[in-house]
Amino acid sequence: METAAGETRVAASPETVRKFTALGCRVVLEKGAGQASGYLDQAYVEAGAELVSRGDSPAWSQADVLLCVQSPSGTALSQLRRGSLVVGLLAPYANAELAGALQQAGLSAMALELLPRISRAQSADALSSQANIAGYKAVLLASAALDRYFPMLMTAAGTVQPARVVILGAGVAGLQAVATARRLGAVVYVSDIRPAVKEQVESLGARFIDPPEMEDKPAESGGYAKQASDAFLAAQRQQLSDQLAEADVAICTAQVPGRRAPRLISEDMLDRMRPGAVVVDLAVAQGGNCAETVSSQTVDRNGVKLIGANDLPCTVPNHASAMYARNLLALLQPTLKDGQLSLDSEDELIAGCLISHDGTIRRGDVLTPEAK
């Protein structure tokens with residue numbers, strides 16, 4: 001059972017328990033682990049899982065693999081036997097505490113945040129599956145908070161013009177936000193530092209805001225946007241200012257793994273937005289794309305609603321858990337034969353996210369602040 005505040009997801013669904021069991025694995029689950037996600041204990045039992053009480057030390061000490069959403073505490077990790085494997089969203093960036101716990105307990109660990117962006121990894125890409133949910137839910141939050149309709153309506157009282165939505169970032173979350181906003185009938189504009197995403201944006205019916213003309217345009221690396229230069233970001237903010245002045249909704253999704261989120265909406269830009277407009281900041285946990293957003297809070301700034309929308313997948317826990325559990329199954333299935341785990345640390349897929357092997361830290365570049 002997850003212990004992080006507000007975490008409602010679970011790392012295994014009855015579907016994946018059944019498939020792990022078919023692979024020869026013995027699956028043990030803490031009682032009530034899936035309740036917040038809509039999965040009852042009985043469904044897990046029927047799928048072949050064994051249930052144990054929360055914090056059952058013998059169950060932890062016998063585990064070969066621990067599946068989790070967020071990293072357990074150091075105390076919990078110390079209950080695992082040496083050589084066992086921890087798999088989850090372990091927040092590895094500059095996480096010296098996690099490194100110490102893994103070393104002390106002699107554990108192997110795979111951080112899904114570091115999964116390489118290669119075609120073979122797509123089915124295991126937990127960041128994408130969860131970002132997809134975040135982009136969808138961000139639009140629903142915005143539509144509920146907005147003081148007007150999203151679609152254009154023809155009524156006896158006259159025509160209601162559609163809402164104008166500006167989405168910052170055309171990654172997985174941004175593209176899902178585009179698709180959802182378009183389904184609700186909004187006119188959507190998208191800003192991204194990568195000109196290459198223009199075709200994807202336009203294929204969903206949105207209008208791409210071409211980046212500023214500069215010699216050194218940022219692109220992407222390994223499927224993620226590269227960090228843009230300060231000069232480029234300044235030029236982009238100037239370009240966005242006029243767009244935001246006319247916008248009803250802005251949805252911020254621009255993030256760079258392991259780094260502070262770029263500040264794209266300044267206080268001056270907020271000053272130009274109309275009262276009643278809404279900003280949803282998905283990057284708030286990394287410092288925020290928008291000035292003055294506060295994690296898990298809605299701030300009223302001169303009539304503009306600023307929604308600090310972190311952990312949105314936790315608000316759609318059933319589907320978030322189902323997809324996350326499938327990601328874990330897809331990652332581990334090739335390593336399992338007759339219920340035995342065999343990790344090939346030279347395999348590109350494994351090597352990219354294997355941050356620790358039997359207590360030896362393999363990715364000090366992300367785990368320790370000094371290496372940053």
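Coordinate-derived values only; no laboratory data. On a predicted model such as this, the values are computed, not experimentally measured, just so you know. Neighbour counts run over all protein chains shown; Cβ positions are idealised from the backbone, glycine included.
When the residues of the stretch 344-360 are filtered to those that are touching a strand residue (DSSP E or B) at 6+ places or on another chain (Cβ under 7 Å) and not charged (D, E, K, R), the one that is nearest to CYS314 (Cα to Cα) is CYS353.
When the residues of the stretch 276-307 are filtered to those that are over 20 Å from ALA245 (Cβ atoms) and β-branched (Val, Ile, Thr), the one that is surrounded by the most Cβ atoms within 10 Å (Cβ to Cβ) is VAL284. Just give me the residues in the stretch 55-70 being touching a Lys or Arg at 6+ places or on another chain (Cβ under 9 Å) and closer than 19 Å to SER13 by Cβ, in sequence order. Within the stretch 55-70, ALA63, VAL69, GLN70 qualify. Residues in the stretch 1-46 that are acidic (Asp, Glu) and farther than 22 Å from ASN310 by Cβ: GLU15, GLU30, ASP41, GLU46. Of the set (1) within 30 Å of ILE251 (Cα to Cα); (2) surrounded by fewer than 13 Cβ atoms within 10 Å (Cβ to Cβ), all apply to GLN340 but (1). Within the stretch 248-269, being over 26 Å from GLU113 (Cα atoms), of a type in the set (A, V, I, L, M) and surrounded by fewer than 24 Cβ atoms within 10 Å (Cβ to Cβ) holds for one residue alone: MET269.
Being closer than 17 Å to ARG260 by Cα, free of Cβ contacts under 8 Å to residues at least 24 places away in the same chain and of a type outside the set (Lys, Arg) is the requirement here; does VAL299 meet it? So VAL299 does not fit the description; no. The residue pairs whose first member lies in the stretch 340-362 and is under 15 Å from ARG120 (Cβ atoms), whose second member is in a strand (DSSP E or B) and not aromatic (Phe, Trp, Tyr), and whose beta carbons are closer than 8 Å, counting only pairs six or more residues apart or on different chains, are ILE350/MET110; CYS353/MET110; CYS353/ALA111. Looking across the stretch 80-91, the residues that are more than 17 Å from GLU7 (Cα to Cα) and in contact (Cβ under 8 Å) with a residue 24 or more places away in the chain come down to LEU80, ARG82, GLY83, SER84, LEU85, VAL86.
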